[in-house]
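Novice: Got a structure for you, questions after.
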Amino acid sequence: MDERDIVIIGGGPAGYVAAIHAAHLGAKVAVVEKDKLGGTCLNRGCIPTKALARSAEVLLEARMASDFGIEVNNIKANFSRIMARKNNIVRQLVSSVERLMKGNKIRVCRGAGRILSPHLVKVNDEEIATRKLVIATGSESTPLPIPGRDLPGVLTTDDILELTELPASLVVIGGSYVGVEFASIFNALGTKVTIVKRRPLQLEPVDEEIGRRFAQALPTQGIEVRIGAAVKAIKSNGPVLRVVWDTPDGERGADGQMVLMATGRAPHTEGLGLSELGMQMEGGAIKVNQYLETNVKDIYAVGDVLGKNMLAHVASYEGEVAVENAVGRPRRADYRAIPSCIFAQPEIAGVGITEQEARDSGIPHKVSKFPFRACGRAVALGETTGMVKMICNADDGTVLGMHIMGPHASDLIAEGAVAIRLELTAKDIAHTIHAHPTLPEAVRETAMGQFDGAIHFLRV
């Protein structure tokens, strides 16, 4: 019988990162994975969507070429080549993870794992003994349970990544960040996109003001947003699909060649044998303490299976924390600074509390903002939509939240995450020299707005 220090069930961003980190700490590790290494993020989520987002971004830039003095003719999207590029990127990165497994002497067991006891896992017909066990089985799509969800052309977020032809029109059900990203991508590529949503588009946990500004910008991009749509069914209407809902004035609907169900995800725990173990659950998710320990001794759980912060970077972080605890290095999970990013047009990112949360909590706070139209680098890039917003403690200037809509927001937010994690103040940021001309200068100017005032933006 194979014996390991740590067995990890799931090879996604939680599992494979945990495995590599555990190997670095000297543990003998095995990873159980029934599909491809990299999980949803690498194969059907973060990476393929960002590859498509980059193609959309390049196309939009090409359309603006004349504004930069560049003459380009016959600009069009070649969807098959776009998808081929996406597939090549995914294959490249999956191969890289496989090499990392081999290089770190981590055994990869192909198949579905079932937990027989806290120290014994069965994979196919083999039993593997282990000192510690980490559950990292991720999540799965949760389509709306409505009539018509199985019609041809009704897609999950997995299905849409396997399309071979660009749809002429697309109805996106749900206004999550995933739905908004796909809406932005396909709109840029030339698809007529309609988002239907029950409540106003807020993009939680994005700051409310940022979310409103982004929602207002969508129609100018050609994306229609239909609010108040509690979708009740999807119907076949000749060559198109019709998404329908009731209103006080009767039934309403939106038509599209295809329909995307972007309605969220749920923890995946099926087949693990958790009930037999007496595992404590919370609404389908595994419950853990601050050390990511379950109520069953020697079993940890990380990532989407916890049902809380369903983000790949949080999953990877939790994987690292769990295996440190598993090898006897006590470490608590710290969730004070979790950045969230939306790779739409323009990008959105946030970390820490929002302005509304600051108001609701009664924390004395001050808000400062700086528009990208006043940032030299943004003007040179031709990307001046949006702003940086900072929420600080009014008493001592400690950074409580940072929210960005604009160019490279997903990169810029790292400075806010570090500031919140280390409890830095606005003065700490403002008194740090930022290179010129760069986009991070907008962060520094926003910090200056907390006390003396931004240099390149006139206060009125």
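Novice: Could you say which residue among 123, 180, 193 is under 30 Å from residue 296 (Cα atoms) and of a type in the set (A, V, I, L, M)?
Specialist: From the options 123, 180, 193, the qualifying one is 123.
Novice: Looking at the structure I just gave you, is residue 148 assigned to a loop (DSSP other than H, G, I, E, B), crowded, with 22+ Cβ neighbours inside 10 Å and either in contact with a strand residue (DSSP E or B) (Cβ under 6 Å, 6 or more places away or on another chain) or not assigned by TED's automatic domain parsing to the domain that holds residue 281 (or both)?
Specialist: Here the answer is no, as residue 148 does not meet what is asked.
Novice: Additional query: Considering the range 53-98 alone, what residues qualify as being among the polar types (S, T, N, Q) and assigned to a loop (DSSP other than H, G, I, E, B)?
Specialist: If the condition is that a residue be among the polar types (S, T, N, Q) and assigned to a loop (DSSP other than H, G, I, E, B), then 73, 74, 78 are the ones that fit.
Novice: Oh, and also: Quick check on my filter: what residues within the range 21-33 are out of contact with any Gly (no Cβ under 6 Å at 6 or more places or on another chain) and farther than 17 Å from residue 317 by Cβ?
Specialist: The answer is 23, 26, 27, 28, 29, 30.
Novice: Shifting gears a bit: Could you grab me the full set of residues in the range 322-336 that are assigned to a helix (DSSP H, G or I) and surrounded by fewer than 23 Cβ atoms within 10 Å (Cβ to Cβ)?
Specialist: 324, 325
Novice: (1) out of contact with any Ser or Thr (no Cβ under 9 Å at 6 or more places or on another chain); (2) crowded, with 17+ Cβ neighbours inside 10 Å; (3) of a type outside the set (Lys, Arg): which one isn't true of residue 74, the others all being true?
Specialist: (2)
Novice: Which one of these does residue 296 not meet: (1) modelled with pLDDT under 95; (2) closer than 30 Å to residue 22 by Cα; (3) over 27 Å from the mean Cα position of the chain (by Cα)?
Specialist: Single failed check for residue 296: (1).
Novice: Here's a check for you: in the range 1-39, which residue that is in a strand (DSSP E or B) and among the aliphatic types (A, V, I, L, M) is surrounded by the fewest Cβ atoms within 10 Å (Cβ to Cβ)?
Specialist: 30
Novice: Which residue out of 416, 382, 386, 397 is within 25 Å of the chain's Cα centre (by Cα), at positive phi and not aliphatic (A, V, I, L, M)?
Specialist: Going through 416, 382, 386, 397 in turn, the sole match is 386.
Novice: Could you list, ordered by first residue, the pairs with Cβ atoms under 8 Å in which the first is in the range 68-97 and not assigned by TED's automatic domain parsing to the domain that holds residue 35 and the second is of a type in the set (Asp, Glu) and at pLDDT 95 or above, at least 6 apart or interchain?
Specialist: So the pair list comes out empty.
Novice: Kindly indicate the residue of the range 366-381 that is without any contact (Cβ under 8 Å) to a residue 60 or more places away in the chain and assigned to a helix (DSSP H, G or I) and also surrounded by the fewest Cβ atoms within 10 Å (Cβ to Cβ) among those meeting that condition.
Specialist: Per the stated criteria, the residue is 380.
Novice: Taking the stated definitions as given, is residue 458 farther than 25 Å from residue 204 by Cα, among the aliphatic types (A, V, I, L, M) and at pLDDT below 95?
Specialist: yes
Novice: Would you tally the residues in the range 99-131 being of a type in the set (A, V, I, L, M) and part of a strand (DSSP E or B)?
Specialist: Number of matching residues: 8.
The values are calculated or read from the model by the stated rules, or taken from the named source; none is laboratory data. Nothing here was measured: the structure is a model prediction, and the numbers come from that model. Here the Cβ is made from the backbone with ideal geometry for all residues, glycine too, and neighbour counts use every protein chain on show.
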